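Input: a single structure, listed below in structure tokens.
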């Protein structure tokens, strides 16, 4: 008797369709300990679903590749960073099956559960994106002695823009256009200036808004250090746009980065737990302006 719920069975039936027939039969042999003979992919799938006692156990099988889980979550409109590890994808899939329907009918767009799922997914995107971004960016800092993670213009849209505002002894504003220049300027902050960014990934350090057309605006605040020396705080706003050709791919459309040195700070709490000073209406305005600009082309 199967240990899977009807939701889990339905989810696996859709997920495992991405496996080749040979992988599916191999997975069947593993699950059934070669005790069940099958002659087709359909029979192999039914045997797998019937003899699996735990959804988590099946998700962690080697034959259930990371990419298979990633593609399944994408079809369910669950946004995960492309760099997510398999263990993260497994946890998110189990959460989806335990707390939400596997699929939502196209004519059920106003269902409150669906809205909450979308909201939750964008919150997860905001947090996971910031974790990924600052981990990759900080890894470029030679002080850490780490192997640098892949960084470059491929993470940005071709017409990306960076607004960099610094307030130390005096205030300075610079703007950079194009994926190459934006990528190189951000890289220089950590590689040449040796800065380390420590984001506060809990509200009110992290905020976001989204549009129904694929744009998500994320604001995050945090502290800046050089080795063990505290230098100040930063606020950064990202505009993330989903690729129209690949729903699994998100790229950075714009970055607004404000840096304030120690002498510009006013209170202890501001340093202990930096908060984003952007309110949601400001972020929504940025979102609407960018969306309007995108629709002109």
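The values are calculated or read from the model by the stated rules, or taken from the named source; none is laboratory data. This is a predicted model, so every value here is computed, not measured. Quick reminder, even Gly has a Cβ in these numbers, built from the backbone with ideal geometry, and neighbours come from all protein chains shown.
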Those residues of segment 151-167 which are in contact with a helix residue (DSSP H, G or I) (Cβ under 9 Å, 6 or more places away or on another chain) and assigned to a strand (DSSP E or B), in sequence order = 156, 157, 158, 159, 160, 161, 162, 164, 167
Mind telling me which of the residues 279, 246 ends up being assigned by TED's automatic domain parsing to the domain that holds residue 181, surrounded by fewer than 19 Cβ atoms within 10 Å (Cβ to Cβ) and modelled with pLDDT of 75 or more?
-> 279
With the condition kept exactly as written, say whether any residue in segment 286-297 is at pLDDT 70 or above, in a helix (DSSP H, G or I) and surrounded by fewer than 18 Cβ atoms within 10 Å (Cβ to Cβ).
-> yes
For residue 177, indicate whether it is at pLDDT below 95, surrounded by fewer than 16 Cβ atoms within 10 Å (Cβ to Cβ) and over 16 Å from the mean Cα position of the chain (by Cα).
-> no
Of the residues in segment 1-22, those that are in contact (Cβ under 8 Å) with a residue 40 or more places away in the chain and under 26 Å from the mean Cα position of the chain (by Cα) come to 7, 8, 10, 11, 12, 14, 15, 16, 18, 19
Test residue 144 against the criterion of being free of Cβ contacts under 8 Å to residues at least 40 places away in the same chain and at negative phi, and give yes or no.
-> no
In this structure, does residue 64 turn out to be modelled with pLDDT of 85 or more, in a loop (DSSP other than H, G, I, E, B), closer than 30 Å to residue 129 by Cα and within 23 Å of the chain's Cα centre (by Cα)?
-> yes
Complete set of residues in segment 206-231 that are within 17 Å of the chain's Cα centre (by Cα) and either in a loop (DSSP other than H, G, I, E, B) or surrounded by fewer than 15 Cβ atoms within 10 Å (Cβ to Cβ) (or both) | 211, 214
Which condition number in (1) under 18 Å from residue 168 (Cβ atoms); (2) modelled with pLDDT under 80 is the one that residue 272 fails?
-> (1)
